[in-house]
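Please read the structure below before turning to the comments.
The values are calculated or read from the model by the stated rules, or taken from the named source; none is laboratory data. Every value quoted in this text rests on a predicted model; they were computed, and no experiment measured them. In this analysis, Cβ positions are derived from the backbone assuming ideal geometry, glycine residues included, and neighbour counts consider all displayed protein chains. Surface areas here come from the heavy atoms of the whole protein model, side chains and all, with no ligands, DNA or RNA. Shrake-Rupley method; radii C 1.70, N 1.55, O 1.52, S 1.80 Å.
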Amino acid sequence: MGEQLSGANADATTTIVPSEGKAVAVAAATALPRSLAQRALDSDILYSFLRSPLVMLAGALTLLFLLASLFAPIVAPHNPYDLKTLSLLDSNLPPSWEKEGDPRFWLGTDDQGRDILSTILYGLRASLLISICAVAIAMVLGVSLGLVAGYIGGITDALIMRVADVQLTFPAILIALLIDGVAKVLFKGSPLGESHFLILVVAIGLSYWVQYARTVRSVTLVERNKEYVQAARLIGMSKAAIMFKHVLPNVLSPVLVLATINLALAIITEATLSFLGVGLPPTEPSLGTMIQVGNRYLFSGSWWMVAFPGLTLAVLVLAVNLLGDWLRDALNPRLR
């Protein structure tokens with residue numbers, strides 16, 4: 001009798017356990033996969049972003065500036081590039097709330113009769129586009145050289161790092177001025193020499209690649225000795241495939257933080273070059289060009305020509321810097 005009971009219990013056990021396992025398997029199979037949006041909503045980065053009102057304000061301002069520059073032809077009250085609508089009789093008008101202001105120009109006009117608000121929106125587009133393209137060039141060049149230096153090592157590493165050390169002895173603005181001047185002399189008289197936009201992008205981009213190269217090299221020196229890299233070597237993968245398919249994804253976190261911070265530096269650099277007269281010409285307004293033009297009339301009482309572009313530049317750079325600081329803390333596993 002006891003043997004029959006024990007056998008019955010054994011049979012029950014063998015029948016129950018597979019049924020439970022099957023139920024779990026069926027539940028797992030029928031469960032809907034989490035979408036990318038759901039994973040983003042549950043991520044630590046989003047939680048860190050939503051818990052900081054200051055970071056949320058910085059993100060909203062940055063997004064506002066991006067959208068305003070992107071849709072400048074639609075949002076701007078006037079077109080500062082349309083010479084048909086410009087009149088010198090409208091030059092140097094104060095903001096609309098001043099006594100001599102014109103309701104058509106909320107923030108006043110400049111020396112050419114262009115609406116300050118419209119020129120700021122178009123200038124934002126130029127400044128942001130130049131800065132984003134320059135950061136992209138610096139990131140691609142710096143990450144590539146950093147991966148090569150850190151993974152290959154030897155003479156290649158020493159050569160790249162010595163060039164980087166020499167460039168670090170000069171301020172980035174001086175490097176940008178040097179590259180800008182050399183490019184204009186070499187390509188003088190050619191269409192490339194007249195392309196102030198392209199020259200600015202290359203000059204600023206070549207001024208900031210060093211930080212990416214040094215950061216990526218230091219991370220690559222650690223990653224190249226890990227098991228997954230050794231496994232990739234054993235199966236015969238090339239060095240280029242290992243660097244860009246396996247090592248690169250593990251160095252993107254510090255690169256993204258550095259790119260966000262460098263975006264603010266690139267905006268300031270572009271504004272500085274334009275203010276010094278080696279950036280965009282006055283016919284292609286940027287924030288730096290507007291500040292340069294407005295500075296000439298500052299002591300004559302036309303304060304709005306430099307105040308509003310300068311305030312826009314300061315708020316934009318501050319917002320991007322706050323986002324960069326937040327991203328650095330959010331992607332740091334030691335601070336989670």
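Considering only the stretch 43-59, I want to know if a residue exists there that is assigned to a helix (DSSP H, G or I), open to solvent by less than 80 Å² (accessible area, probe 1.4 Å), closer than 20 Å to I120 by Cβ and modelled with pLDDT of 80 or more.
yes
What are the pairs with Cβ atoms under 6 angstrom where one residue, in the stretch 172-189, is within 17 Å of L206 (Cα to Cα) and the other, located anywhere, is open to solvent by less than 30 Å² (accessible area, probe 1.4 Å) and assigned to a loop (DSSP other than H, G, I, E, B)? Sequence gap at least six, or different chains.
From residues that are within 17 Å of L206 (Cα to Cα), the pairs are A172/S207; I175/S207; A176/S207; K184/G193.
Given the conditions (1) more than 16 Å from P285 (Cα to Cα); (2) crowded, with 20+ Cβ neighbours inside 10 Å; (3) free of Cβ contacts under 8 Å to residues at least 40 places away in the same chain, which single one is not true for K84?
(2)
If you take just the helices (runs of 4 or more DSSP H) that sit entirely in the stretch 113-214, which of them hold at least 1 residues that are open to solvent by less than 70 Å² (accessible area, probe 1.4 Å) and acidic (D, E)? So that I can check it myself, show each step before the final result.
Values: elements: 116-152, 154-168, 172-186, 196-205.
Correct list: 154-168, 172-186.
Can you find a residue in the stretch 252-266 that is more than 21 Å from the chain's Cα centre (by Cα), without any contact (Cβ under 8 Å) to a residue 24 or more places away in the chain and at negative phi?
Looking through the stretch 252-266, none of the residues is more than 21 Å from the chain's Cα centre (by Cα), without any contact (Cβ under 8 Å) to a residue 24 or more places away in the chain and at negative phi.
Conditions first: (1) more than 20 Å from F65 (Cβ to Cβ); (2) among the hydroxyl-bearing types (S, T, Y); (3) in contact with a Leu (Cβ under 8 Å, 6 or more places away or on another chain). S127 passes all but one, so which condition is the exception?
The number of the failed condition is (1).
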